């Protein structure tokens, strides 16, 4: 029993990692196709049917590219930085449940990897780590653009994390638990997007900032800082930053769907299809959420750095704080 | 009538007050006054302050080689409109030194540097007289008539080696591998140590300001390889945090000495060559050059040709503004969507150019005394559909999406402000000048072609910031459509060429300055003829180049992100800046 449980965990972990890395590849394709359609173009459609082999071609290209390390870079940190960035992105989704349980080979398998009592806290903690990778990448490159990008990233992520944390507290208060499963199950009757609309909007905005997506893509602002913190990176190391960004995009969409959009519940009842309806629900919501993120990128210009900080500290943060206070008060008064 | 009265009065006044120092230029075909060098500043000050010639449009030099002097030519205008006042000053050829006008007209800055770089005329009192298009250390001044490039063949085209016998020499044959450089006699490449650009960087730390937090300033080179410099343009920026403290533009990476080549070419050979200046709007470039040479030749294109010219120029304006707004948004970080929407419309206009001129971008469509080909009836119908239906619709769509966008407004309003006084003093032209609240449009201020009969308004802004520049461009597109509608309604039938088309035009000796309101600003061509088949001097007053003079003023105190947007709002094309 013990051994089989271990094997189950290992298989599930591998499955998640492979799913995320594969998902990363196809997210890039998804993004390029959607962007192209929005920009009156066609997008990549040559490699394989509908361009489905494009990510493979890109991957091969990136692996075989020359890896350049600047002469005056801090080599150890320079190599370590992409790793520090990508690992938190990979482990972030461990606490997100995809469904209740399924029966495979006569065995009931729970559709989540870890059932932490402090799931939301884990999310916050892990997302904070990746900022180190970006800062270190910017600093170790010994390049002015990279340094500026890294500094911007640090300031931006730290200031937006607070508001994001408070936004996540809304659903936590409503569910009365920090376990992700409890939060998802508490949304059986009503999604938290309705009572927590403000928290939802704040989460939407801050999560875009957290993963450095437009219109908050300050750290890598192409038009200003060439490529920001990853200016000096090439080949697979560059791909790792890219990977971290896109995996975080998936993760943010999954977490957001679980916190506010009812997770694996609805539209299909989660126990249908032998329990596989749950993952399908979550997948659908994630894809729609990601479509929204891409849509925003195709639409909006970038906010200026100082305005971004103002927005974070002077608008979103107090609003999130107020939301938490009001939610807590209402829960105590009504539910208490 | 009043202008001529003022001019007579001005002449009398100048002659009376400065006596011998100011002489009317009496050479046949020449205009304006010859001013003695030592009185130049005094004369210019009185021109600016007493007669209102506050806009210095063009500064350039002419080398009259066998004769022992060089000439600096100034074209002054009033910012309220009217024709030019031409001033010239002569300096001995072996040591040409002329007082700099930078203190009176800061807009002379880059133009004087260019004259120093290419002609070797020293401007005394210029704050930063460095080379601007060539690199420091370049041997000689290429626009001097006795300067010869490696593998020099002849002074004028067509070269005898290629015509009339039809032989030609490939420059590669002249240029065997590893043997293709010639060094000046006192230069040894083995011992050369690259200088650290001290002239460039050394001038930077000049701003001293009180600030509470003492932080280290860093120098960042934005460019020459950078995604937002619209080509190979480099800005050396001194930053304090993210704030720009000082800035120096460095250009010339695309320099090919357009003017020297232009002086070698025959008059007509220059027509396709002007296409390459601002390669987005070749039609306007053709227009300016054709005007200058027509002034010299004293010919007038037939009516239908004038209408076609205006039609093409306004279509060009529309496509250029579309393009520039699209890429301004790109600079603001909108990921290519607006620019691709803009490019879609541009392609439709380029389709028309292709049908009319045979080429989409390098149109080479204008001729002296007309245009190359007539516009067929079905193309006119196509333009009508565009002008009456598609383009206004798309322009409305653009406005609906962009004009009131929160992020766009917060990024653009109050950023990169240029006051009207600064704009005039810095010789800024085009939408940048008008956005600063100076309604100066060459089409109205000094009308050419048939613009006098057309009904349109000069778009202008109030605040002089990026947002007003954007609004001015939008409004100018609307006015262009208005002009196009009138032109399409009234276009007469008839010939499109005055006289017979000819390869070799006869241009009487003299000088002429032809200017048009190009999409980027006042585009001027200063041509000097000595009666030979090739122009003696061919100078381009490039609006993007001179508009860059204002970049430092606008960028002072801005953030890095603003800097990119400011550059985008000037709307430069490096083909024109570097020439």
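Things to note:
- Selection count, region B:530-578, where residues are farther than 15 Å from residue B:230 by Cα and part of a loop (DSSP other than H, G, I, E, B): 11
- Those residues of region B:51-68 which are within 28 Å of the chain's Cα centre (by Cα) and more than 30 Å from residue B:518 (Cβ to Cβ), in sequence order: B:65
- Selection within region A:297-318 - touching a helix residue (DSSP H, G or I) at 6+ places or on another chain (Cβ under 7 Å), within 11 Å of chain B (Cβ to nearest Cβ) and surrounded by fewer than 17 Cβ atoms within 10 Å (Cβ to Cβ): A:307
- Scanning region B:503-529 for residues that are in a loop (DSSP other than H, G, I, E, B) and surrounded by fewer than 24 Cβ atoms within 10 Å (Cβ to Cβ) returns B:503, B:504, B:505, B:506, B:508, B:509.
- Boolean, residue B:112 is buried (at least 19 other Cβ atoms within 10 Å of the Cβ) and not in a strand (DSSP E or B): yes
- Where a residue in region B:403-423 is without any contact (Cβ under 8 Å) to a residue 24 or more places away in the chain and its partner, wherever it lies, is in a helix (DSSP H, G or I) and surrounded by fewer than 17 Cβ atoms within 10 Å (Cβ to Cβ), with Cβ under 8 Å and at least six apart: B:410/A:307
- Remark: pairs (first residue in region B:332-348, facing chain A (nearest Cβ under 9 Å); second residue in a helix (DSSP H, G or I) and at pLDDT 90 or above; Cβ separation under 6 Å; 6+ apart in sequence or on different chains) are absent.
- Considering residues of region B:459-485 that are surrounded by fewer than 18 Cβ atoms within 10 Å (Cβ to Cβ) and without any contact (Cβ under 8 Å) to a residue 40 or more places away in the chain only, the residue nearest to the chain's Cα centre (by Cα): B:462
- Residues in region B:117-152 that are touching a strand residue (DSSP E or B) at 6+ places or on another chain (Cβ under 6 Å) and in a helix (DSSP H, G or I): B:119 alone.
- Odd one out for residue A:277, checked against (1) in contact (Cβ under 8 Å) with a residue 12 or more places away in the chain; (2) within 13 Å of chain B (Cβ to nearest Cβ); (3) surrounded by 19 or more Cβ atoms within 10 Å (Cβ to Cβ): (2)
- Yes/no for residue A:195 being surrounded by fewer than 21 Cβ atoms within 10 Å (Cβ to Cβ), out of contact with any helix residue (DSSP H, G or I) (no Cβ under 8 Å at 6 or more places or on another chain) and in contact (Cβ under 8 Å) with a residue 12 or more places away in the chain: no
- Just one of the listed residues (A:34, A:40) is within 14 Å of another protein chain (Cβ to nearest Cβ), in a helix (DSSP H, G or I) and touching a helix residue (DSSP H, G or I) at 6+ places or on another chain (Cβ under 7 Å), namely A:34.
- Any hit, region B:387-395, residues being crowded, with 16+ Cβ neighbours inside 10 Å, in contact with a strand residue (DSSP E or B) (Cβ under 8 Å, 6 or more places away or on another chain) and away from chain A (no Cβ under 14 Å): no
- Residues that are facing chain A (nearest Cβ under 8 Å) and farther than 12 Å from residue B:222 by Cβ were ranked within region B:557-572; the one that is surrounded by the most Cβ atoms within 10 Å (Cβ to Cβ) is B:562.
The values are calculated or read from the model by the stated rules, or taken from the named source; none is laboratory data. Because the structure is a prediction, the values reported are computed rather than measured. Neighbour counts are summed over all protein chains in view; Cβ atoms, including those assigned to glycine, are modelled from backbone coordinates with ideal geometry.
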